[in-house]
Every structure is written in structure tokens, then in C-alpha cells.
Amino acid sequence: MRENTKGRLEGRTAIVTGSTYGIGEAIAKVLADEGAISIVTGRTEEEGERVAGEIRSSGRSAEYHHLDVTDEEEVVKVMRAVYEKYGRIDILVNNAGISGPSKPTHEYTREEWERVFDVNVTGAFLCTKNVIPYMKRGGGGNIVYISSIYGIVGSQDNPAYHATKAANRIMAKTGALIYAKNNVRVNSVHPGFIWTPMVEDFLKDQSRELGVALEDLKGELDARHPIGHVGEPNDIAYGVLYLVSDEAKFVTGSELIIDGGYTTR
Ligand code: NAP
């Protein structure tokens, strides 16, 4: 448990997709630290139970639910179970995501392309679609899409990932406009490179392919961020906390870039 928490989310229920590890784990923990009941979700039960257990051991509230965001039946089931138990769903963080293969567009198969869209775009759509009725019933809520700097600027890596993260950015903006009248705020967060299993695996693949040492690739990645290093999951979690707290009550349709200066060049 962190010191100096203010209980900003006391009594609220927060569903964080893909919170079995990585950025989602940090978000689930930071929201719980501020008093939210964190609903930890993902497909890896052991990791999900670990995260929820660590939150409970710190004196906060959390439970794990198996949730593959591409499976609408499961999305419906989890949302219903959470609502029936707690009587409200206040926060949804659409964090679950995959990077897909790093290769040029013309080498992608249709299946590879569609898989990235299925998780990153359709998954976020299904969760948003199914949470909105509960937020309306509760008089409002907050949705955050974890997009990426790759949804803002281009690169030579992961063309499907870029396209999906740009989609997340505009999904947040249209959601903000559609649901403002329901007191639901919708925003996007755009992380630079954050040290998580996703980035570590990406660098390991590159290291094997290019025959360059992992530490050298990590050094190159650090140098792409003017601040001198890649970020850590909590850097993103605190941004999400701000957006879903009442301190951001005038913030909707906004894009919060947290990238150590990567996109300022
Ligand atoms: P990660 O370490 O690979 O973690 C991804 C999370 O998503 C895991 O909890 C994984 O859990 C879950 N997930 C994957 N497929 C899923 C599915 N079909 N249904 C439900 N959950 C699924 O990735 P990360 O780096 O933490 O990234 C989290 C988000 O931040 C992603 O949307 C990513 O695009 C975005 N982002 C990351 C970076 C970065 O540098 N790390 C930068 C910008 C944006 P299970 O395997 O248990 O399902």
C-alpha cells in the first residue's frame, strides 16, 4: 500500500482489462490504493489471482475474473457479476492489448492483422458497449483507453498495432461526445515505451533476429526518450488515476501523453 493516499476512489468499482501483469497490473493496484474495488481481469488465472491477492494483502479490495476481451459472452458475464455484487461499475480501463508481429505491412497475413484488431479494437469496443448501460444506471462513470504514442506517430514497427492504437484514440473521442450527456467521461492515455513483458518480449525477438545484445537494444530504446530511459508501469497508472478521479471532472475526449518526451521531437 502506498503512503499518502487520499481515498479519491473510495466506494467505486473499477474494471481493468488485461491486469494480470504489465501496465494493467499497476493500474489495478494504484486504483485500489485510492479506495476503488479493483476487478483484475485477463486470461492467466494464476497471475490474476496473484495481483488480486497482493492488493488484498495490502488491505485493499480486489477480485480476479477470467476475461478474454474478444469473447462477448464472457464480457457480459463479468460485467453482470460485478454489477450484481457491488451495485455499480464506475470505471473501465480498456488496457488489454497485444503488439502483433513486427514486420512490414505486405508480409502480414490477414489472420495476423485481424488478431491485433480483435484484441485491441473489438475487445475495447465490446467492453465499452457492455459497461455503458451499467454506468448510465449509476448516473455516470469513467472510461480510459490505453492507446500508445504509436497511435499518434508512425514507426517502421508493427503496422497493425499502430492502426489499432490510432483507433483507440478516436474511439475515446467519439465516446466522450456520445456519452457526455450521461456523465460518462472518456479519455485516452498514450504511453511511450514502458518496461513490461510486452516490450521485453519485443526486444528479445529483435535481439534474436538482428543478433544484437538485449542490453544494447534496451539502451537504444532508452535513448529514444529525451528523458533518457523507458518508463515504468506506475508512470501510466498515475495518469489513469488522475483521469478517473474527480480532479479531472472537466477532462473528457482528452489524450494524455506519458512518454518521457518521445513525441516532442
Ligand atoms: P503486456 O505486458 O503484454 O500485458 C498485456 C495484458 O493484456 C496482460 O494482462 C494480458 O493478460 C492481457 N491480454 C492480452 N490479450 C488479452 C485478451 N485477449 N483478453 C484479455 N486480456 C488480454 O502489455 P503492456 O505493456 O502491459 O501493455 C498494456 C497496454 O498498454 C496495451 O494496450 C498496450 O498496447 C499499451 N501500451 C504499452 C506500451 C509499452 O511500452 N509497454 C506502450 C504503449 C501502450 P493475459 O495474458 O492474462 O490475458
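See the values below:
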quantity	calculated
Spin-label model distance (nm) - T44 vs A81, 7 Å beyond Cα toward Cβ	2.0
Whole-number accessible area per residue in Å² for the stretch 171-265, which is evaluated in the context of all protein chains at 1.4 Å	52
Rounded to 10°, Cα long-axis angle of helix 123-138 versus longest principal axis of the chain	20
Listed pairs K77/K129; K29/K129; K129/K181; K6/K85; K103/K165; K129/K165 exceeding 20 Å between Cα atoms	K29/K129; K6/K85
Cβ-based net charge around I143, under 14 Å, with every Lys or Arg adding one and every Asp or Glu removing one	+4
Potential extension, D118-S155 segment - 0.36 nm per residue separation minus Cα distance	11.2 nm
Distance from the stretch 206-237 to the stretch 1-75 (C-alpha centre basis), Å	27
Cα lying deepest toward the dipole's positive end in the chain, options T264, G140, I15, charges on Cβ	G140
Proximal charge balance of P197 [Cβ under 12 Å; K/R count +1, D/E count -1]	-3
Relative contact order (%) - criterion: Cα under 8 Å, at least six apart; region: the stretch 33-163	25
Candidates L241, L92, L210: whichever shows maximal mean-square fluctuation once the chain is modelled as a Gaussian network with Cα springs under 10 Å	L210
Nonlocal amide H pairs with T13, under 5 Å, H built at 1.01 Å	I37, D90, I91
0 to 90° range, to nearest 10: angle between helix 72-86 axis and the chain longest Cα axis	40
DSSP-assigned coil residues among trypsin sites (Lys or Arg not before Pro) in the stretch 175-220, each with at most 13 further Cβ atoms within 10 Å	none
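The values are calculated or read from the model by the stated rules, or taken from the named source; none is laboratory data. Everything numeric here is computed off the predicted structure, so don't read it as measured data. Quick reminder, even Gly has a Cβ in these numbers, built from the backbone with ideal geometry, and neighbours come from all protein chains shown. We work out accessible area using only protein heavy atoms, side chains counted, and drop any ligands, DNA or RNA first. Shrake-Rupley method; radii C 1.70, N 1.55, O 1.52, S 1.80 Å.
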